Amino acid sequence: MASPDGCRLYLITPSEIPDGRAFAALLDETLAAGDVASVQLRLKGVDDDVIFALGRKLLPVCHAHDVAFILNDRPDLARDLKCDGVHVGPEDASYEEARAIVGPNAAVGVTCKDSRHLAMEVAEAGADYVAFGAFFPSGTKDNTTPADLEILEIWSETTNVPCVAIGGITVENCEPVVRAGADFIAVCGGVWKHPRGPAQAVREFNEILQRLR
């Protein structure tokens with residue numbers, strides 16, 4: 001997950017995907033539009049078999065574009081699906097629990113909100129990346145914790161563990177987050193709800209990220 005060539009895009013799927021086949025086609029078109037480091041499948045309030053079936057559709061699409069496929073919340077399903085990694089938050093599983101389930105070769109990322117202390121703890125334990133945010137109001141999650149850009153600045157100056165910035169990031173507001181030191185910007189609505197479509201959003205994000213490298 002390291003980003004030696006500057007900040008990269010980390011896509012998060014919509015929390016509701018009613019038509020898996022249609023979304024797989026949309027994802028293929030979106031990933032073809034520009035550089036994306038990873039895609040996180042994030043579904044809430046659905047049965048395990050729905051997550052598993054959709055994961056089986058989306059994982060090969062991601063791999064066809066050399067994009068890592070990450071599952072949110074569920075290290076057990078991430079293991080069974082042979083995902084590239086899992087992302088967990090405080091309400092899901094601890095880093096240690098997730099690592100024990102997915103094994104040594106899968107990436108494990110951890111939500112740290114605005115806590116540098118938690119980020120240091122999980123980084124020292126072996127987390128592949130930490131996620132800070134929300135940096136802007138989010139239309140995806142209601143229970144967000146505001147984070148200041150300073151946490152990205154300090155983190156990038158003091159550790160080599162990659163950090164992901166999350167929360168309400170769009171083409172219009174991403175530049176200060178990137179300049180503050182984020183290795184990845186996690187985007188959901190800023191791509192899928194872009195007025196000219198998600199592929200165009202990926203193009204525009206990449207233009208900005210390329211300019212700031």
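The values are calculated or read from the model by the stated rules, or taken from the named source; none is laboratory data. This one's a predicted model, so the numbers in the text were calculated from it and none came from an experiment. A quick note on method: Cβ atoms are made from the backbone with ideal geometry, for glycine too, and the neighbour counts reach across all protein chains shown.
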Response to the item:
Of those in the range 1-29 that are of a type outside the set (A, V, I, L, M, F, W, C), closer than 21 Å to Arg211 by Cβ and in contact (Cβ under 8 Å) with a residue 24 or more places away in the chain, the residue surrounded by the fewest Cβ atoms within 10 Å (Cβ to Cβ) is Asp5
Worksheet item: Quick check: anything in the range 67-82 assigned to a helix (DSSP H, G or I), among the small types (Gly, Ala, Ser) and at pLDDT 95 or above?
Response: yes
Practice prompt. Confirm whether Ile169 is crowded, with 18+ Cβ neighbours inside 10 Å, in a loop (DSSP other than H, G, I, E, B), among the hydrophobic types (A, V, I, L, M, F, W, C) and touching a strand residue (DSSP E or B) at 6+ places or on another chain (Cβ under 8 Å).
Written response: yes
Worksheet item: With respect to the numbered conditions (1) over 16 Å from Pro162 (Cβ atoms); (2) out of contact with any Leu (no Cβ under 9 Å at 6 or more places or on another chain); (3) assigned to a helix (DSSP H, G or I), which one is the sole condition not fulfilled by Asp92?
Response: (3)
Worksheet item: Of all residues in the range 172-205 being assigned to a loop (DSSP other than H, G, I, E, B) and in contact with a helix residue (DSSP H, G or I) (Cβ under 7 Å, 6 or more places away or on another chain), which is surrounded by the most Cβ atoms within 10 Å (Cβ to Cβ)?
Response: Ala182
Worksheet item: Quick one: is Gly85 among the small types (Gly, Ala, Ser) and touching a Leu at 6+ places or on another chain (Cβ under 8 Å)?
Response: yes
Item to complete: Determine whether the range 104-114 contains at least one residue that is farther than 24 Å from Ile17 by Cα, basic (Lys, Arg) and either assigned to a helix (DSSP H, G or I) or at pLDDT below 95 (or both).
Response: no
Response to the item:
Filtering the range 95-149 down to residues that are of a type in the set (A, V, I, L, M) and over 25 Å from Lys82 (Cα atoms) yields Leu118, Ala119, Met120, Ala134, Ala147, Leu149
Worksheet item: Looking at the range 123-143, is at least one residue farther than 24 Å from Val191 by Cβ, out of contact with any Cys (no Cβ under 8 Å at 6 or more places or on another chain), touching a residue at least 12 places away in the same chain (Cβ under 8 Å) and surrounded by 21 or more Cβ atoms within 10 Å (Cβ to Cβ)?
Response: yes
